[in-house]
1. Please pick out the residue among I261, I246, I233 that is at pLDDT below 90, aliphatic (A, V, I, L, M) and buried (at least 20 other Cβ atoms within 10 Å of the Cβ).
2. Residues A205, A210: which one is open to solvent by 40 Å² or more (accessible area, probe 1.4 Å), modelled with pLDDT of 90 or more and either touching a helix residue (DSSP H, G or I) at 6+ places or on another chain (Cβ under 9 Å) or assigned to a strand (DSSP E or B) (or both)?
3. Can you pull out every residue in the stretch 123-135 that is open to solvent by less than 20 Å² (accessible area, probe 1.4 Å) and outside any loop (DSSP other than H, G, I, E, B)?
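The values are calculated or read from the model by the stated rules, or taken from the named source; none is laboratory data. A quick note: this is a predicted structure, and the numbers were derived from the prediction, not measured. When we count neighbours, we look across all protein chains shown, and the Cβ atoms used for this are built from the backbone with ideal geometry, even at glycine. These accessible areas exclude ligands, DNA and RNA; they are computed on the full protein's heavy atoms, side chains included. Shrake-Rupley method; radii C 1.70, N 1.55, O 1.52, S 1.80 Å.
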Amino acid sequence: MKRWITAVGALAMMNGGCDPIVFGPVEPQPTEEPPPPPSPNALAMRAGDWALSFEGRVTSSLDYAQHLLYPPPHPESLVLFLSDSVQECSRPLIHDPTQCVPASSQFWQVILVIPPELNRPGLIDLRDHRIRIYHGVLRPDCGGSFGFSPGSWGAPGKWEKTIEIVSSDASSVSVKLDWGELDRRELASGELPDVWGHIDGDYNATYCGAAPPVSPASPGLALRGARGPTMPIDGLTPDPDALQLILGSAATSCEDPLSPINCTGTSRVRLSLPPSLQQPGIIDLTDPAIDASFAVSWGSAEFCDDYDFVTGSFAGGTVEILGIDASGVLARVYGSYTDLTHGGFDADGLYAASICP
């Protein structure tokens with residue numbers, strides 16, 4: 001090694017005289033950065049304005065997507081189309097192509113049909129079975145997966161999926177999607193394209209046509225304990241100072257607040273607010289102080305069986321008292337998803353409970 005250095009020095013002196021030779025720093029080789037993910041694309045429309053165009057083709061994406069509109073959702077439901085590819089108002093569903101071009105045809109798409117009672121600013125638990133969810137993924141090798149579900153499967157925690165409606169106006173709606181803990185193994189194995197890992201984030205969805213109206217709070221009842229019904233489990237007389245809330249889709253009245261709901265396809269939520277909780281704040285639905293419970297009818301007058309009626313208590317979730325006065329209570333229920341044999345039950349929503357005289 002010493003001789004090699006001497007030879008280099010001698011050669012330098014022969015060619016360049018006595019001027020010192022300065023060697024510049026070794027330039028590091030630039031690392032090749034992965035291309036940025038495609039810009040997300042988002043559209044929104046009323047369910048009543050969207051009709052699937054089958055065009056004589058039968059493909060897996062259409063087969064699953066048709067469940068989004070059958071049975072027909074409420075026409076004022078909000079439909080969100082989120083994707084990494086271009087979507088058009090005239091044809092927002094991205095079909096899995098019959099003639100796939102490897103690499104250039106990959107895409108992912110998520111479609112959410114959100115019922116009117118959940119279409120308002122705030123966080124939405126996508127496990128709610130009232131929400132219809134479609135996802136489509138096409139890999140660079142032309143493989144892919146397409147699926148439909150009434151609500152996303154998942155227990156609280158890493159599998160929980162949410163979408164937050166941040167703001168909306170007549171022209172667009174801004175949302176924030178959190179798809180929960182993605183299956184990294186599927187990404188690593190190539191079962192899902194790399195771009196699927198960028199599904200989370202903020203989207204500004206432009207409306208195709210008129211925006212669905214923001215729904216008012218669902219009605220409910222509130223009764224002072226002295227005149228409220230006895231609790232169904234223990235049959236005890238209610239605390240005369242408590243305020244009992246009766247919420248849900250079942251018809252009710254001050255004269256008959258607990259009318260039977262068997263074979264009606266409706267649900268009812270009951271909870272009791274002791275004086276210390278009759279103020280704005282957030283309360284766990286599992287708090288024994290409020291004795292929260294639900295009853296749900298799965299069937300209808302035409303189709304009903306012995307397993308129609310189910311009652312129980314909540315496994316989690318909260319009720320937020322937003323306002324309370326002498327006339328009523330404004331409350332928001334969130335995260336109330338409960339897994340049942342017939343499917344998940346969810347009481348999430350905004351409720352305005354009028355206090356019975």
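1. I261
2. A210
3. I124, D125, I133, Y134
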